[in-house]
1. Being in a loop (DSSP other than H, G, I, E, B) and either basic (Lys, Arg) or more than 16 Å from residue 135 (Cβ to Cβ) (or both) is the filter here, so list the residues in the stretch 188-201 that pass it.
2. Report whether or not residue 60 is touching a Phe, Trp or Tyr at 6+ places or on another chain (Cβ under 9 Å), under 22 Å from residue 126 (Cα atoms) and either surrounded by fewer than 21 Cβ atoms within 10 Å (Cβ to Cβ) or modelled with pLDDT of 95 or more (or both).
3. Does any residue of the stretch 188-197 turn out to be under 16 Å from residue 119 (Cα atoms) and either at pLDDT 95 or above or surrounded by fewer than 21 Cβ atoms within 10 Å (Cβ to Cβ) (or both)?
4. What about residue 130, is it part of a strand (DSSP E or B), under 24 Å from residue 28 (Cα atoms), in contact with a Ser or Thr (Cβ under 6 Å, 6 or more places away or on another chain) and modelled with pLDDT of 95 or more?
5. Examine the stretch 47-57 for a residue that is modelled with pLDDT of 90 or more and of a type in the set (D, E, K, R), and state whether such a residue exists.
6. Can you tell me which residue is nearest to the chain's Cα centre (by Cα) among those in the stretch 20-46 that are modelled with pLDDT of 80 or more and more than 20 Å from residue 181 (Cα to Cα)?
7. Looking only at the stretch 184-214, how many residues end up being under 15 Å from the mean Cα position of the chain (by Cα) and acidic (Asp, Glu)?
8. Under 7 Å between Cβ atoms, which residue pairs at least 6 apart in sequence (or on different chains) link something in the stretch 58-80 that is in a loop (DSSP other than H, G, I, E, B) with a partner that is modelled with pLDDT under 95?
Amino acid sequence: MRRYVPLAFVCLAVFGVMLPSAEAVVLDLTTVGSWGTINGGVFQQYTDSGAGSGNIDSFVRIQGTETQQGYNTDYRGTGFPEFDENTSLTFTHSVLLSTVPIVSNDGTDYREFMLDINQNGEPILSVDKLEIALHATGDLFGYSTIFSSPIYDLDTGQDNWIILDYSINSGSGQGDMLAYIPDSLFVGSEDQYVYLFSRFGENTTADDGYEEWAHGVGGPIIPEPATLLLLGFGGFMVARMGSKGRF
């Protein structure tokens, strides 16, 4: 199998179709407006016109060195924080599904989340893990329990990751990526609290700045396929072999 994905694969991936592969999918979002799909989720480089810390109403803020990870919860008992979560309820707390905006593209509805990254030196950062789960209450604790059966997992099928460039939209509180998760994954459950776990810095080291997730902004919506054809396909996705440790 080729180390780099041929054009035919890229075309299918951009249109939301993933071919079976034993190779990791690496989604490169280091150019303005770039986007692609992994396991049905659509991820888009985002450049916000706002500026300044506080513009983002985060529901989980994570800060550490090299590799950092964490998830949102209202729990503040023994053992918290489990990973690298900010302990303030202002920045790390429960999320009701009803507060996560729905956006539509080409007949498909998505729940929209926004990621803001912050690097103190090297601008390139990898998003190495993303899992989303639904539960009946917002104060659960324990990664292995909360995410035992996630409704979305970036790593389903193989060990995938995303590359972001902080320098495109540098500064806290501006947003760097929009994540669109199919709304169909949230339908049919009576559980109304959303938990989001993410890990950064395995493939490109986190540089001591904090990363935070927030509700989406109601757009910009991902490009329609016809628009993308005009823009061209190059540079959105590459693949490489390799595996990382898992819980």
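The values are calculated or read from the model by the stated rules, or taken from the named source; none is laboratory data. Fair warning: this is a prediction, and the values are worked out from it, not measured in the lab. Cβ atoms come from the backbone with ideal geometry, glycine included; neighbour counts cover every protein chain shown.
1. Step one: list which residues in the stretch 188-201 are in a loop (DSSP other than H, G, I, E, B), which gives 188-192, 201.
Across the stretch 188-201, the qualifying residue is only 201.
2. Details: touching a Phe, Trp or Tyr at 6+ places or on another chain (Cβ under 9 Å): yes; under 22 Å from residue 126 (Cα atoms): yes; either surrounded by fewer than 21 Cβ atoms within 10 Å (Cβ to Cβ) or modelled with pLDDT of 95 or more (or both): yes.
For residue 60, the condition - touching a Phe, Trp or Tyr at 6+ places or on another chain (Cβ under 9 Å), under 22 Å from residue 126 (Cα atoms) and either surrounded by fewer than 21 Cβ atoms within 10 Å (Cβ to Cβ) or modelled with pLDDT of 95 or more (or both) - is met.
3. Step one: list which residues in the stretch 188-197 are under 16 Å from residue 119 (Cα atoms), which gives none.
The answer is no; no qualifying residue exists.
4. Details: part of a strand (DSSP E or B): yes; under 24 Å from residue 28 (Cα atoms): yes; in contact with a Ser or Thr (Cβ under 6 Å, 6 or more places away or on another chain): yes; modelled with pLDDT of 95 or more: yes.
When the stated conditions are applied, residue 130 passes them.
5. Taking the stretch 47-57 and keeping what is modelled with pLDDT of 90 or more, we get none.
No, the conditions are met nowhere in the stretch 47-57.
6. Initially, the stretch 20-46 is screened for residues modelled with pLDDT of 80 or more, giving 24-46.
Right, trim to more than 20 Å from residue 181 (Cα to Cα) and you get 30-32.
Working: 30: 14, 31: 17, 32: 17 Å.
If we take residues in the stretch 20-46 being modelled with pLDDT of 80 or more and more than 20 Å from residue 181 (Cα to Cα), then 30 is nearest to the chain's Cα centre (by Cα).
7. So the answer is 3.
8. So the pair list comes out as 64/206; 65/206; 65/208; 67/201; 67/202; 67/206.
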